[in-house]
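Laboratory data are not the source of any read-out in this text; all were calculated from the coordinates shown. Nothing here was measured: the structure is a model prediction, and the numbers come from that model. Here the Cβ positions follow ideal geometry from the backbone for every residue, glycine too, while neighbour counts run over all protein chains shown.
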Amino acid sequence: MALCSRMPELMAYPLGLPLGIQLYSVRDFLPKDYDGTLRQLSAIGYREVEAAGFFGRGAHEVKESMDRAGLRCVSAHYSLKDLLPKVDETIEYGKNLGLQYIVCALPWFKDPSSVKDAGSQAARDYMTLDDWRWNADQLNRIGERVHRAGMRFAYHNHTPEFRSENGVMFYDELLRQTDSAKVAMELDCGWAAVAGQKPVELLTRYAGRITMLHVKDFKMGHGVSPLPAPPSTELGHGVIDYRAVVEAAKRANNIEHIFVEQEDFDMPAMEALKVDADYMRAFKD
């Protein structure tokens with residue numbers, strides 16, 4: 001914790017919140033040097049993290065590593081496929097780690113046996129309205145159990161949520177069918193933009209449901225195809241106007257955590273993640 005007091009100039013507080021990072025950004029480094037990678041993120045100025053796997057470490061071991069680095073692990077991602085058979089185990093792990101949120105980051109099929117390569121990204125593009133309504137039911141059930149355990153439950157989007165069937169956009173239906181007391185939303189602004197949505201409009205429409213943000217940027221246009229996945233880039237180097245997003249988030253007045261995430265790198269990863277941190281630091285309240 002001494003690191004925090006020695007380096008106040010590295011703190012970033014967009015919306016008055018500590019700057020967070022989704023650890024998927026450093027997925028290639030954590031298995032090789034878990035503690036060292038966390039220390040580097042802390043030195044850049046990140047203070048909160050959202051996990052995307054724990055690499056075989058127990059909850060107390062992870063918490064000790066976070067404490068040594070001056071970080072707080074406040075949220076963790078799981079696929080619905082992994083959550084369904086292990087809800088109680090996941091809740092217990094989250095309680096021991098001190099999580100505030102458990103997040104479903106990937107949906108699943110009502111009948112996966114009927115879908116070729118059901119676990120692939122491409123397969124999710126063919127999910128039906130019935131699949132999404134089934135997902136909403138599962139999210140409500142899990143959210144109730146997470147809520148009873150003293151944590152919150154949320155859903156994180158990619159791009160398939162913004163497809164439609166018979167004029168019904170899946171994201172709208174997912175929010176309509178889930179109980180706001182049980183299921184919050186973590187809006188991935190980058191993936192929403194790739195899907196042709198405007199994060200500012202989503203934040204305005206669903207101000208009461210969106211409680212966390214993923215901020216990432218993409219290279220789109222100028223001959224770069226937006227689908228299935230354009231190259232990720234540093235914040236401010238792509239096409240998303242995050243100043244407008246931050247202003248919309250202020251108006252919504254419901255955001256609890258913000259996580260930087262970068263999935264592709266044109267420069268050393270830690271250098272890129274510092275560019276991202278510096279970009280977000282400009283929004284310090």
_Please list, ordered by chain and number, the residues whose modelled amide H lies under 5 Å from the amide H of residue 262; skip anything fewer than 5 residues away on the same chain._
25
*Out of the DSSP beta bridges found with both residues in the chain, what percent are antiparallel (nearest 5)?*
15
*Applying the Karplus parametrisation 6.51 cos²θ - 1.76 cosθ + 1.60 with θ = phi - 60° to the phi angles of the stretch 205-219, what ³J(HN,Hα) value in whole Hz is obtained for each residue in order, glycine and proline being reported as x?*
5, 10, 4, x, 9, 8, 10, 9, 10, 9, 10, 8, 10, 9, 8
*Return the long-range amide H neighbours of residue 50 (sequence gap of 5 or more, or a different chain), with a cut-off of under 5 Å between placed amide H atoms.*
21, 22, 23
*Given springs between every Cα pair under 10 Å in a Gaussian network model of the chain, which of 184, 249, 149 has the largest fluctuation?*
149
_Along principal axes, Cα extents of the chain, largest first, whole Å_ = 55, 46, 36
*Just tell me which aspartates and glutamates come within less than 12 Å, Cα to Cα, of residue 216; anything on the same chain fewer than 8 places away is out.*
188, 234, 241, 261, 263, 264, 276
*In a Gaussian network model over the chain where Cα atoms closer than 10 Å are linked, find which of 151, 127, 169 has the largest mean-square fluctuation.*
169
*Taking square-rooted eigenvalues a ≥ b ≥ c of the alpha carbon gyration tensor, is the stretch 144-258 rounded, prolate or oblate, where a/c under 1.5 means rounded and, failing that, a/b exceeding b/c means prolate?*
prolate
*asked:* Are there any chymotrypsin sites (Phe, Trp or Tyr not before Pro) in the stretch 64-163 that are in a DSSP loop and have at most 14 other Cβ atoms within 10 Å? List them by number.
replied: 126
*Let me know the longest stretch in the chain that avoids all trypsin sites (Lys or Arg not before Pro) found in a DSSP loop with at most 11 other C-beta atoms within 10 Å.*
117-285
